[in-house]
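Inspection log for the structure reproduced underneath, given as structure tokens.
The values are calculated or read from the model by the stated rules, or taken from the named source; none is laboratory data. Note that the structure is predicted; figures quoted are calculated from it, not measured. No Cβ is skipped: glycine too gets one built from the backbone with ideal geometry, and neighbour counts run over all protein chains shown.
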Ligand code: ADP
């Protein structure tokens, strides 16, 4: 083959490779094979890479790769990347990267060492794609699993308490407790029904984005709901006296199971976060056209600066007594109350105790 024909063919092939790279929906980047920040230079990027990072041609060529990394880039992932590449192995991983305007996003990197001659690595060839949306969906799923777990925990906790009492009565063969035992069995039955309801709802909602916050409102006897929660909580926790005061005396349009969940959560928190106290007060009152429920404890309280954050998801104000805490309870409670057009708030003094209140329109 003549030299000119061969050159023409090679040029055409190069053009084809360049066009294919530019039309790829993934970003492509080639650097030299230096592994420290300061000498790893960018030699080639395709159009999609510019689109992903917001840089313009030729703002990246000859520049340091360091500019794509930042404070949220996980150093452990960078260390793994270097380890793999220095051993001549591929790297596949996700990390936070930074665009030209400083905004962060998740990129998935698939990097291969390239040896152009004599088997020595001369370049690194990377294929990248933006996986931010996928990661947000995955985090959302994790959150929904947390919420469901939290919802299932409430009836399971009272069931555990009831089983323990019944077992004790059986062991003691104390038949004078027969009436009580029947009452406990009825409570167990209603908790099991609640679990079945939650599970069904979970199965129905797996395709929907929100879980556990859509209220199914019916006229309910709020006073009765509160009495029932107190009864359940007393069985599961016998460390505190729960003193109730006041009543509404009228039906309230609400989702019984959801409101039970809110009251249970506030009440069990009041107990959990006041390990040195032995009582909790509950007040139910009408104010204008609202029902107000207040739960007061004499426990550790919450510092002022943390009170605003307490209803955020996954927020935990203290690490004490938190082995099974998720930081989701108050977030779920506030979502449920908000979906009932009500309000939820806290007044608290560190070291003295807290009053959690919520309102429901009448
Ligand atoms: P969890 O109790 O599962 O951690 P919550 O959302 O119910 O989650 O509560 C969030 C945080 O708020 C808790 O970790 C705790 O630090 C704080 N907290 C909630 N209720 C009280 C209370 N009654 N007294 C003091 N701190 C509380």
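Based on this model, can you work out whether residue 249 counts as within 9 Å of the ligand (Cβ to nearest atom) and not in a strand (DSSP E or B)?
no
Only one of 23, 48 is crowded, with 17+ Cβ neighbours inside 10 Å and either without any contact (Cβ under 8 Å) to a residue 24 or more places away in the chain or at negative phi (or both). Can you tell me which?
None of the other options fit; the residue is 48.
Would you call residue 297 out of contact with any helix residue (DSSP H, G or I) (no Cβ under 6 Å at 6 or more places or on another chain) and either under 19 Å from residue 161 (Cβ atoms) or within 12 Å of the ligand (Cβ to nearest atom) (or both)?
It is false that residue 297 is out of contact with any helix residue (DSSP H, G or I) (no Cβ under 6 Å at 6 or more places or on another chain) and either under 19 Å from residue 161 (Cβ atoms) or within 12 Å of the ligand (Cβ to nearest atom) (or both).
For region 324-354, give me each residue that is within 11 Å of the ligand (Cβ to nearest atom), more than 19 Å from residue 264 (Cβ to Cβ) and either assigned to a loop (DSSP other than H, G, I, E, B) or at pLDDT below 90 (or both).
Result: 350, 351, 352.
Quickly run through region 261-276 and pick out the residues that are crowded, with 21+ Cβ neighbours inside 10 Å and more than 11 Å from the ligand (Cβ to nearest atom).
Hits for region 261-276 are 261, 263.
For region 20-71, name all the residues that are assigned to a helix (DSSP H, G or I) and more than 34 Å from the chain's Cα centre (by Cα).
Taking region 20-71 and keeping what is assigned to a helix (DSSP H, G or I), we get 20-22, 47-53, 65-68.
Those that are assigned to a helix (DSSP H, G or I) and more than 34 Å from the chain's Cα centre (by Cα): 20, 21, 22, 47.
When residue 256 is evaluated against the numbered criteria (1) farther than 27 Å from residue 200 by Cβ; (2) in contact with a strand residue (DSSP E or B) (Cβ under 9 Å, 6 or more places away or on another chain), which criterion, by number, is the only one it fails?
If we test residue 256 against (1) farther than 27 Å from residue 200 by Cβ; (2) in contact with a strand residue (DSSP E or B) (Cβ under 9 Å, 6 or more places away or on another chain), just (1) comes out false.
Name the one entry in 149, 88 that is loosely packed, with under 14 Cβ neighbours inside 10 Å, in a loop (DSSP other than H, G, I, E, B) and in contact (Cβ under 8 Å) with a residue 24 or more places away in the chain.
The conditions single out 88.
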